[in-house]
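Engineer: Mind looking over this structure? Questions follow.
None of the figures in this text is laboratory data; all of them are computed from the coordinates on show. Quantities reported herein were computed from a predicted structural model and do not represent experimental measurements. Here Cβ is always computed from backbone atoms with ideal geometry, including for glycine, and neighbour counts include all displayed protein chains.
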Amino acid sequence: MPQGDSPQTYVDDDRRAAATNRSFTRRGGRMPPRHHRALEVHGPAYLLSPPIEGTSVAAGFVLDLPAAFGRTAPLVVEIGSGSGDCVVAAAAEHPEWDFLAVEVWRPGIAQTLAKAAQAQVGNLRVLRVDAAGVVATALPAASVDQLWTFFPDPWPKAKHHKRRLVDPMFAVDVARVLRPGGLWRLATDWEDYAEQMRDVLREAPGFEPGAEYGDRFDGRVMTRFERKGIEAARAVRDIVVRRADATDQ
Ligand SMILES: C[S@@+](CC[C@H](N)C(=O)[O-])C[C@H]1O[C@@H](n2cnc3c(N)ncnc32)[C@H](O)[C@@H]1O
């Protein structure tokens, strides 16, 4: 520690660094009345309310999944679920699975709740917190069958690449929460982010080797982010990697 700097300065600097490196900026300002109504009316059925510190789940908090869903079933977690198009469609199509949507953008959460209610899905829960902490600590180890990261914010400027969600540390956390044999599905329309994802997945401990671009996941409904990429003539890359069996490691 340089002379003259107090430990408090360091803590503050760490906090500032953590804040600027977050993978999101917008959390939703003013919302139209229909979004407020959706949160109020459908929040109790779908929104989980863990203890929160800032935008994250409180340190040490671990989700009780059987209590959250009222049953035990295979679990799909979508990180950055946006307006909920994909997760709600999947929940409606697979009532035998449970789905957890993690998103920080409040208008997106409101739209997700409205769509879930409209589709009358009972197997979806929504967490409005920073996904980083959810994957790092709040989800129990080996509790997730599939984790989806579709069109994460691309942070295209080189100076912002450190804010990208998919990095080596995140991969370690994803490996922690996936069951052996579980899948991490990713998609992006930003070529250099696709390359970054592939490189991260090739190096990440706990996954089967040889991550490569694959076919479009047919369980992924078209969202406006994919549509924007296609309209801009960007290639959409899908990657899926399998959590290695404990015996493979
Ligand atoms: C580009 S959008 C894609 C949304 C959706 N997956 C789709 O394809 O329509 C990325 C979303 O991830 C959310 N997000 C980014 N970082 C996040 C984080 N750390 N925790 C939760 N949500 C996050 C953003 O709020 C945003 O809604």
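Engineer: With θ set to phi - 60°, apply the Karplus curve 6.51 cos²θ - 1.76 cosθ + 1.60 along segment 168-176 and write out the HN-Hα couplings as whole Hz, x wherever there is a Gly or Pro.
Structural biologist: Those phi angles translate into x, 5, 5, 4, 4, 5, 5, 4, 5 Hz.
Engineer: Please find the FRET efficiency linking Ala232 to Arg202, where r is the Cβ-Cβ separation and R0 is fixed at 25 Å, and quote it to the nearest 0.05.
Structural biologist: Numbers: r = 27 Å, r/R0 = 1.08.
The computed FRET efficiency comes out at 0.40.
Engineer: Tell me the Rg and the Dmax, in Å, that the Cα atoms of the chain produce.
Structural biologist: Computed over the Cα atoms of the chain, radius of gyration and Dmax are 18.3, 61 Å.
Engineer: Between Val144, Val87, Val236, which gets the highest mean-square fluctuation from a Gaussian network model of the chain, Cα cutoff 10 Å?
Structural biologist: Among Val144, Val87, Val236, the largest mean-square fluctuation in the Gaussian network model of the chain belongs to Val236.
Engineer: Which cross-chain or sequence-distant (5 or more) residues have an amide H under 5 Å from the amide H of Glu78, H modelled 1.01 Å from N in plane?
Structural biologist: For Glu78, whose amide H was placed from the backbone, the distant partners under 5 Å are Leu100, Ala101, Val102, Trp148.
Engineer: In addition: In Å, what Kirkwood hydrodynamic radius results for segment 79-190 from the alpha-carbon pair distances?
Structural biologist: One decimal place: 14.6 Å for the Kirkwood radius.
Engineer: Between Met31 and Glu93, what is 0.36 nm times their sequence separation minus the Cα-Cα distance? Round to one decimal in nm.
Structural biologist: Details: separation 62, 0.36 × 62 = 22.32 nm, distance 2.94 nm.
Full extension of this stretch gives 19.4 nm more.
Engineer: If you don't mind, another one. Please list, in order along segment 158-167, the HN-Hα scalar couplings obtained from phi with the Karplus expression 6.51 cos²θ - 1.76 cosθ + 1.60 (θ = phi - 60°), rounded to whole Hz, x for Gly and Pro.
Structural biologist: These are the phi-based 3J(HN,Hα) values: 4, 5, 9, 4, 5, 8, 5, 5, 7, 9 Hz.
Engineer: Using +1 on the beta carbon of Lys and Arg, -1 on that of Asp and Glu, and nothing else charged, what's the dipole of the chain about the Cα centre, debye to 20?
Structural biologist: Roughly 920 debye, rounded to the nearest 20.
Engineer: Length gain on complete extension for the stretch Thr55 to Tyr213, per 0.36 nm per residue less the alpha carbon to alpha carbon distance?
Structural biologist: Net length gain for the segment: 53.6 nm.
Engineer: Would you mind computing, in nm to one decimal, how far apart the modelled labels at Glu191 and Gln118 are, each placed 7 Å from Cα along Cα→Cβ?
Structural biologist: 3.6 nm
Engineer: Counting only helical runs of four or more DSSP H residues, what would the 222 nm mean residue ellipticity of the chain come to if each run contributes -39,500 (n - 2.57) and the total is spread over all its residues? Intermediate results must be reported in sequence, preceding the final value.
Structural biologist: Numbers: 8 runs with 87 residues, N = 249.
The helix contribution divided over the chain gives -10500 deg cm²/dmol.
Engineer: Need the full-extension length gain, Glu40 to Thr72, defined as separation in residues times 0.36 nm minus the C-alpha distance. One decimal, nm.
Structural biologist: Net length gain for the segment: 8.8 nm.
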